[in-house]
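**Q** Dropping a structure here in structure tokens format, bear with me for questions.
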Amino acid sequence: MKIDEGFLAQMREATQILQREGPMAATAAIQRALHGDNASGNTAGQQDWSRFLPKAPELHDVTTPHAPDDRANVQSGDNLRTRLRKFARGKWPDAMARQEVEDVEVHEAADLAGKGRFLSGTCTNQAGTRAYKLYIPSGYTGQQLPLVVMLHGCTQNPDDFAAGTAMNAVAEDNQCFVVYPAQSQNANGSNCWNWFNAGDYRRDNGEASIIADITRNIISEYKIDTSRIYVAGLSAGGAMATVMAATYPDLYAAIGVHSGLPYAVAHDVPSAFAAMKSRKMKTSARKTGVKEAKPLGHVMPVIMFHGDRDATVDPSNGEQVVAQCVPQLDAGSSKATSVKVEKDAVPNGRTYTRTLLHDAQGKAIAEKWIVHGAGHAWSGGSSKGSYTDPKGPDATREMLRFFYTHRRSQVEDKPDA
């Protein structure tokens, strides 16, 4: 069954309402659409986004949760309507019911490894309030240590992300702080970072400003080596990491992007969906409003992981991230001084291809890890968390290794926006 354009227009409106007013208002909009009530009475000028919404579960990384094994179950318009009816009745998968991290004052809780401290806190600025979790390694006695900012994916929260990546245990081994900002369900019904909203991906605006201020709060409260602050993320969190790379090069020395997207390639939910599926940004731009990934106005060292079987965010996005952060060193550029390609395998696990791009001094300024056979999941992660692939190379340890080879220059780079 083909869904009519009016219904699709109402679904687009519902996604906008979800971002603006929250799940309750979006549910009401979906119910109106399912009953054929076009309350707005005007769908003219709205984008026809049916062509890049072939399967409902594929869209969940932006606005709605999904279980990885649901991907092949929804093919037709009939099934899309069925799932939307479940959503409207409050019967979406369990991930929708997951609560955001509680907004509480800082307090101490036990770390998963039982060594360091895992604290909870909040940060408020003109753009809003977000909770966060902070890991402090047991060896911290007031000396300067690095800081890693970890941005979770959709339907996740800091505790889940910390468990799945095992970053706290690696931070304990390598003596660094880790902060996990938490998206608010009021800002996005599926706890996705709004990397595709212009109001959230510009410097000193929206969620980008909140994440930057969380970083600054940690700097002000603890002895942080400000030349060694890094940001990493998964999926929507990976896309948000590229936002921070573009807008705050004066804060971050390097980034890690796992299954993420380039900076500023989308401007709303439909174009975000399209970017997630795009293999050729230039081609899709004419049809869906996806923008070409333009080079940043500065160099940002980057380590990228992506599964070549990722059906949620097309692997071409990872390639675009690297080209955007270090365009002069991209493998296709004549300015690349050295490109090294390695192929290997995890014992009893997945094979992978690792590409290193070196600068004129021979330093690896970018690494691209393509994990063969892997889907949309954190490579080498723990099954204690969601969206992990224990069979892949250890993205957590490799990212931290890469980070530790980079310090932020004292000469401040110019932010993109």
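**Q** Answer yes or no as to whether S235 is in contact with a Phe, Trp or Tyr (Cβ under 8 Å, 6 or more places away or on another chain) and at pLDDT 95 or above.
**A** It is true that S235 is in contact with a Phe, Trp or Tyr (Cβ under 8 Å, 6 or more places away or on another chain) and at pLDDT 95 or above.
**Q** Something else: Can we say R309 is more than 22 Å from S278 (Cα to Cα), of a type in the set (K, R) and modelled with pLDDT of 95 or more? If you could, list the steps in order and put the result at the bottom.
**A** Values: more than 22 Å from S278 (Cα to Cα): no; of a type in the set (K, R): yes; modelled with pLDDT of 95 or more: yes.
No, not satisfied.
**Q** Let me ask something additional. Could you count how many residues in region 206-234 are small (G, A, S) and touching a Gly at 6+ places or on another chain (Cβ under 8 Å)?
**A** Result for region 206-234: 3.
**Q** What are the residues in region 356-391 that are in a loop (DSSP other than H, G, I, E, B), buried (at least 16 other Cβ atoms within 10 Å of the Cβ), of a type outside the set (A, V, I, L, M) and touching an Asp or Glu at 6+ places or on another chain (Cβ under 6 Å), if any?
**A** Those that are in a loop (DSSP other than H, G, I, E, B), buried (at least 16 other Cβ atoms within 10 Å of the Cβ), of a type outside the set (A, V, I, L, M) and touching an Asp or Glu at 6+ places or on another chain (Cβ under 6 Å): G375, H376, G380, G385, S386.
**Q** Is it true that some residue in region 216-228 is crowded, with 24+ Cβ neighbours inside 10 Å and either in contact (Cβ under 8 Å) with a residue 40 or more places away in the chain or in the same structural domain as F273 (by TED's automatic domain parsing) (or both)? It would help to see each step written out before you state the result.
**A** Going residue by residue through region 216-228, those that are crowded, with 24+ Cβ neighbours inside 10 Å are none.
Scanning region 216-228 turns up no residue that is crowded, with 24+ Cβ neighbours inside 10 Å and either in contact (Cβ under 8 Å) with a residue 40 or more places away in the chain or in the same structural domain as F273 (by TED's automatic domain parsing) (or both).
**Q** Looking at this structure, is I219 modelled with pLDDT of 95 or more, of a type outside the set (S, T, N, Q), touching a strand residue (DSSP E or B) at 6+ places or on another chain (Cβ under 8 Å) and not in a helix (DSSP H, G or I)?
**A** For I219, the condition - modelled with pLDDT of 95 or more, of a type outside the set (S, T, N, Q), touching a strand residue (DSSP E or B) at 6+ places or on another chain (Cβ under 8 Å) and not in a helix (DSSP H, G or I) - is not met.
**Q** Next question, about the same structure. Does A246 satisfy the criteria of being without any contact (Cβ under 8 Å) to a residue 60 or more places away in the chain and crowded, with 24+ Cβ neighbours inside 10 Å?
**A** Taking the combined requirement at face value, the residue does not satisfy it.
**Q** Which condition number in (1) over 16 Å from the mean Cα position of the chain (by Cα); (2) crowded, with 24+ Cβ neighbours inside 10 Å is the one that W195 fails?
**A** The one condition W195 does not meet is (1).
**Q** So, one more: Please enumerate the residues belonging to region 301-315 that are in contact with a helix residue (DSSP H, G or I) (Cβ under 8 Å, 6 or more places away or on another chain) and free of Cβ contacts under 8 Å to residues at least 60 places away in the same chain.
**A** D314
**Q** Could you identify the single residue in V326, V339 that is modelled with pLDDT of 55 or more, in the same structural domain as P249 (by TED's automatic domain parsing) and in contact with a helix residue (DSSP H, G or I) (Cβ under 9 Å, 6 or more places away or on another chain)?
**A** Going through V326, V339 in turn, just one is modelled with pLDDT of 55 or more, in the same structural domain as P249 (by TED's automatic domain parsing) and in contact with a helix residue (DSSP H, G or I) (Cβ under 9 Å, 6 or more places away or on another chain): V339.
**Q** Name the residue that is surrounded by the most Cβ atoms within 10 Å (Cβ to Cβ), counting only residues in region 392-403 that are in contact (Cβ under 8 Å) with a residue 24 or more places away in the chain and part of a loop (DSSP other than H, G, I, E, B).
**A** It comes out as G392.
The values are calculated or read from the model by the stated rules, or taken from the named source; none is laboratory data. Bear in mind that the values here come from a model prediction, so they are computed numbers and not experimental data. Heads up, the Cβs are rebuilt from the backbone with ideal geometry, glycines too, and the neighbour counts pull from every protein chain shown.
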